[in-house]
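Structure first, then comments.
The values are calculated or read from the model by the stated rules, or taken from the named source; none is laboratory data. None of the values given here were measured: they were computed from a predicted structure. Counting neighbours? That spans all protein chains shown, and the Cβs are built from the backbone with ideal geometry, glycine included.
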Amino acid sequence: MILIVDSGATKSDWIALDDKGDQLFVTQTLGLSPEVLTREVIEDRLANNFELSKNKEKVTKLFFYGAGCGTERMRLFLKDIFKSFFPNAEAQVKEDTYAAIHATTKLGDPGIVCILGTGSNCSYYDGEKVHQKVTSLGYILMDDGSGNFFGRKLLRDYYFHKIPKDLADKFASEYDLEADLIKENLYKQPNPNTYLATFAKFIIENKEHPYCKGVINKGLQQFINNNVMQFDLATKVPVNFVGSISYFLREELAKVIERNDLILGVIRRRPIEGLVDFHKSNL
């Protein structure tokens, strides 16, 4: 059995294939980012999934693409967990950038590949190798244009009284904005980045409001300035996107891309389908 996994900060999509490439099952766990989760939490999330627990000894190959897997230390940390949970599996762990690349580009075709979901990332794929100009320092300092970026902006503006009253009242009626609860989730609970990203839904649902339009436009432009424009060939190759933010804000993103004389490539909400096709072709 072959397991293919696309793991973001919020959730992980799992697809199991047999040796011929036929699908056996599809399942989902919460995100497994090693940067923000302990070993115990990751092990619990694996063990609490019925399909994974039932089939863990049948797995022979595991291809895991995940947020927070950009360093060798984090990759080895996860591989050790997988070795224990899937005792018969050969595990390959790569950062989620590779999932985005396999889902949006073809071997040999260069392009810029961006992730805009709970977090954000940007790489240049020359057709064979991946190149990055910016090393991510995580959700507190980076992640421009991401779900947690917009969530953080919204909470800050609400508490600094910078949101127009009509929108602020609507925001308060739909979310529990009690300060102690926010601080509990940010400083005492796991996955504070995921918690922040839950507020991005409000921005998307109210994107026609002038305040939200401004926040979205500035956030996407900031991502382009700080990430895409790092590459000399930025205006010469397609700029591809994966992730829920890029998908639900695809019209706004297309305008920002055009305004910056960039070439819009593929936008996918989730890369898992493209990953399956990639691995099927390499069975």
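Out of the residues in region 30-73 that are under 23 Å from Cys114 (Cα atoms) and β-branched (Val, Ile, Thr), which is modelled with the highest pLDDT? Across region 30-73, the extreme among qualifying residues is Thr71.
A single entry from Gly243, Gly219 fulfils the requirement of being of a type in the set (Gly, Ala, Ser) and touching a helix residue (DSSP H, G or I) at 6+ places or on another chain (Cβ under 7 Å): Gly219. The condition (being among the small types (Gly, Ala, Ser), assigned to a loop (DSSP other than H, G, I, E, B) and out of contact with any strand residue (DSSP E or B) (no Cβ under 9 Å at 6 or more places or on another chain)) is satisfied by just one residue among Gly219, Gly138, Gly145, Gly214: Gly138. When we screen Gly147, Gly151 for residues that are modelled with pLDDT of 95 or more and over 14 Å from the mean Cα position of the chain (by Cα), the only hit is Gly151.
Step by step: first the residues of region 74-101, then only those that are modelled with pLDDT under 95 and of a type in the set (Gly, Ala, Ser), then the one that is farthest from Ile2 (Cα to Cα). Which residue is that? So the residue we want is Ala100. Each residue in region 76-97 was checked for being under 24 Å from Asp143 (Cβ atoms) and among the acidic types (Asp, Glu), and 2 pass.
Filtering region 178-199 to residues that are surrounded by 11 or more Cβ atoms within 10 Å (Cβ to Cβ), among the hydroxyl-bearing types (Ser, Thr, Tyr) and part of a helix (DSSP H, G or I) leaves Thr194, Tyr195. All of (1) within 16 Å of Leu116 (Cβ to Cβ); (2) surrounded by fewer than 17 Cβ atoms within 10 Å (Cβ to Cβ); (3) of a type outside the set (S, T, N, Q); (4) more than 17 Å from the chain's Cα centre (by Cα) hold for Asp261 with one exception: (1).
In the set Asp126, Asp143, Asp96, Asp80, only one residue is out of contact with any Leu (no Cβ under 8 Å at 6 or more places or on another chain), within 29 Å of Lys218 (Cα to Cα) and surrounded by fewer than 18 Cβ atoms within 10 Å (Cβ to Cβ); that residue is Asp126.
Taken over region 42-84, the criterion of being assigned to a helix (DSSP H, G or I), within 17 Å of the chain's Cα centre (by Cα) and of a type in the set (A, V, I, L, M, F, W, C) is satisfied by Met74 alone. For region 9-41, filtering for residues that are of a type in the set (S, T, N, Q) and surrounded by fewer than 18 Cβ atoms within 10 Å (Cβ to Cβ) leaves 4.
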